[in-house]
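The values are calculated or read from the model by the stated rules, or taken from the named source; none is laboratory data. Predicted model only: the values in this text are computed from it and were never measured. Glycine gets a Cβ as well: all are built from the backbone with ideal geometry, and neighbour counts include every protein chain shown. Calculation scope for accessible area: heavy atoms of the full protein, side chains included, ligands and nucleic acids excluded. Shrake-Rupley method; radii C 1.70, N 1.55, O 1.52, S 1.80 Å.
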Amino acid sequence: MHYTGEVYRHPMEGYTPLLEVTIGCSHNECTFCTMYRETPFRVSPTEHIKEDLQELKSVYGHLKRINLVNADPFALSSDKLGTIASLVIEAFPDIETITCYASIKNLKNKSVDDLKMLKALRYNDLHIGIETAYAPALKMMNKGFTVEDAYTQLSKLKAAGFRYDALLMLGSASKGNSEINVRETAKLLNETQPYMVSIMPTSVTLGSELEVLCKNGEYIESTELEMLEEEMLLIRSLKLEDSYFFGSHNFNLVPISGNLNTDKDKILTHIDEAIKTIDPSILNGVKPRGSL
């Protein structure tokens, strides 16, 4: 398999075979992220994709789901994505879902008709890094899109019948802004109805622009308790028709996941009970975390 440089996938795709179609990240300027800083963005050669599909076929025989990597394959044109889907379907006729990471920025050059075409070619379940819908925080994180862009592009996905996973970062709005962060972010999610909400704490990575902002006092880290309270407020604020809550990333102090329709009270109770048992010195501090 042709895996180049850093390879990341959503924890929920832990058992999904990975097919490299891009290398690095097309944006690569988020203030909090250093994942692909040393890996220039480029497109995988078609011959590599064909070879990897044949290798996957020799190992798995049949596949229902495949995850395209690296950072944001949806940066590719609709035509290129269509060509890749055709190669996947040729190798695995029974494939049901082609999934990958995507950015709001990736969707701007795709019309609803483009997205419907890609949906017909079995693309779905995009993992989209939204992080926050609070405008000042989104600007600080330098995601390459605005809150207005998020509403516009996610509405296109909805019109095309796509499912999307909203990736969010607790504490992204800086200390003291949890309430407005949750209010603005829940408003976006309630309107666009993701099939999954994935949360993790904001991590100040060594060598990131966010580390500089933190040292300058422009960004202040929330405590573990504040982020847990923000998580609970978010869960209470979400009004989703059918959505799964993924809060089991290894960065999360209190891992918990479940269906937001049937398990919301259980999730909230679990977090609340955990807060009562965790040492106050941990709750009132910031847990060291790895790079992101």
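Charge tally around Tyr195: other residues with Cβ under 10 Å, Lys/Arg +1 each, Asp/Glu -1 each, net -3.
Given +1 at the Cβ of Lys and Arg, -1 at the Cβ of Asp and Glu and no other charges, the dipole of segment 78-236 around its Cα centre is 560 debye to the nearest 20. For segment 1-63, what does the alpha-carbon gyration tensor say about shape, rounded, prolate or oblate, given a ≥ b ≥ c as the root eigenvalues, a/c under 1.5 as rounded, and a/b over b/c as prolate? It comes out oblate by the Cα gyration axes. Sequence-distant contacts, meaning Cα pairs under 8 Å at least 6 residues apart, place the relative contact order of the chain at 16 percent. Within the chain, the longest run free of exposed loop sites, counting GluC sites (Glu not before Pro) that sit outside DSSP helix and strand states (H, G, I, E, B) and have at most 14 other Cβ atoms within 10 Å, spans 97-217. Both the radius of gyration and Dmax for segment 1-117 are 14.0, 41 Å, in that order, over alpha-carbon atoms. The fraction of accessible area contributed by carbon and sulfur in the chain is 52 percent, rounded to a whole number (1.4 Å probe; ligands and nucleic acids excluded).
Mean separation of Cα pairs under 8 Å and 6 or more residues apart, divided by the residue count, gives segment 1-117 a relative contact order of 29 percent. Of the options [x] 0.93; [y] 1.09; [z] 0.97, only one is Rg/Rh (Cα atoms, Kirkwood Rh) as computed from these coordinates, and that is [z]. A 1.4 Å probe run over the chain, with the rest of the protein chains in place, finds 44 Å² accessible per residue. When the Gaussian network model of the chain links Cα atoms closer than 10 Å, the mean-square fluctuations of Thr202, Thr83, Thr132 top out at Thr83. Residues in segment 155-163 carry Karplus couplings, in order, of 5, 5, 4, 4, 5, 8, x, 6, 9 Hz; the curve used is 6.51 cos²θ - 1.76 cosθ + 1.60 with θ = phi - 60°, and Gly or Pro positions show x. Taking the DSSP bridge list for segment 1-142 and keeping only pairs wholly inside it, about 15 percent are antiparallel.
For every other residue with a beta carbon closer than 13 angstrom to the beta carbon of Ile256, add +1 if it is Lys or Arg and -1 if Asp or Glu, then tell me the sum.
-3
Bridging of Lys143 to lysines at a Cα separation below 16 Å is possible for Lys105, Lys108, once same-chain residues fewer than 8 apart are set aside.
Partner lysines whose Cα lies under 28 Å from the Cα of Lys266, excluding those fewer than 8 positions away in the same chain, are identified as Lys175, Lys187, Lys239, Lys276, Lys287. Could you work out the relative contact order of segment 217-260? I mean the mean sequence separation of Cα pairs under 8 Å and 6+ apart, divided by the number of residues, in percent. Relative contact order comes out at 31 percent.
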